Amino acid sequence: MANPTTLYSNITQVSVDSNKYTETVRMALLILLVLCFCFFLYFLTIILYVYFTTAHIRENTRYVLFVHMLINDTLYLILGLTLLVAVSYKVYLPVSLCYVLVTIGSISFIVTPYNLAVMALERYVAICYPLRHAELCTPQRSHAAIAVIWAVGLIPNIADFIVLSSSVETKYFSLNVICSWARLLKAPVQNTMRSITLILSFTLVGLIIVYTYIRIMLVARKLGSGKSSAFTAGKTVMLHAFQLLLCMTAFSSHFTETYLKDYFTFLAIANFLLFMCFPRFLSPFIYGIRDEVFRKYIKKLHSSAITSG
């Protein structure tokens, strides 16, 4: 007969080794996330430096919207990474603070596709109504559009707060919880409202991008030049569509975490990296490096750094 003490010791050792392995993998994934985020911040800093030190870029509606999208994505990534670390290491936060962080993250998540829609509309006006572009697409109107985007993004969260407040007692907001969206679901209608908001938002943005792309490419065909500004604008709108598609992959994380969370220990971290971070990490490359103006200034900055070094 096996010695019970030895058997218990072996089981304990396996458990310890498993915990060490789990912690090692978790730390590796989090370090990878942080490194990618630092790389993203490096390009973001360069783009913001060029933007704020170049007057004619700050007066261009296209670049105002682009920089707003980058700043918004940075806010989302900071909040998402903070909450992910808190959940991974079971850090308890007051419900009131948790709700504020989750709400800001939720708004910044939905603001990105709205911003893509407005950027597509700006290209549409520039190509289809060039004589009115300077009148319609001004920095002031861009800032107004950004304010409207945030207001629209806030509306579903106000409705969610009303539903949550009516479903719980006041003392609920003073409790401490492991902060996640699931912890704040106290009524089935909250999840329904969230799903409807996301589906309607992405559908509307998708229709806007498809419509603007078709109209722009019709103008490009009339011009008949593959190097015309209309063809360039069409490619830009297609990039908006590509990024919107990447943002929509975030839907899959809900299903994978619902049905596969018991089989994959690090599913939440992997989902956050692939479906939340990856589309946003691409923004500086898709728009910043591809754009001739930013590319020229980035090359100039690197040349100056090499020369001074």
**Prompt:** According to a simple spin-label model (label point 7 Å from Cα along Cα-to-Cβ), what is the distance in nm between Cys38 and Phe161?
**Reply:** 3.7
**Burial ranking of peptide ranges 109-121, 199-211 (average Cβ count within 10 Å, highest at the top)** = 109-121, 199-211
**Fill in**
Here the relative contact order (percent) of region 71-189, from C-alpha pairs under 8 Å and at least 6 apart, is 45
**Prompt:** Any idea what log10 I(q)/I(0) is at q = 0.10, 0.12, 0.16 Å⁻¹ for region 25-299, Debye with uniform C-alpha scatterers and no solvent?
**Reply:** -0.58, -0.81, -1.31
**Complete:** Taking His68, His143, His56, His240 and counting other beta carbon atoms within 10 angstrom, the fewest-first order is His56, His143, His68, His240
**Prompt:** Counting other C-beta atoms within 10 Å, which of Met69, Met27, Met248 has the fewest, and how do the rest follow?
**Reply:** Met27, Met248, Met69
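Evaluate 2.2 N^0.38 Å with N set to the residue count of region 121-248, then give the Cα radius of gyration divided by it.
Here the Cα radius of gyration is 1.48 times the empirical estimate.
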**Prompt:** Under 5 Å between amide H atoms, partner at least 5 residues away or on a different chain: which partners does Val177 have, H built in plane at 1.01 Å?
**Reply:** Leu93, Val95
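Taken together, the values in this text are just the output of simple stated rules run on the coordinates, not laboratory data. This is a predicted model, so every value here is computed, not measured. Cβ sites come from the backbone with ideal geometry, for glycine too, and all protein chains shown count toward neighbours.
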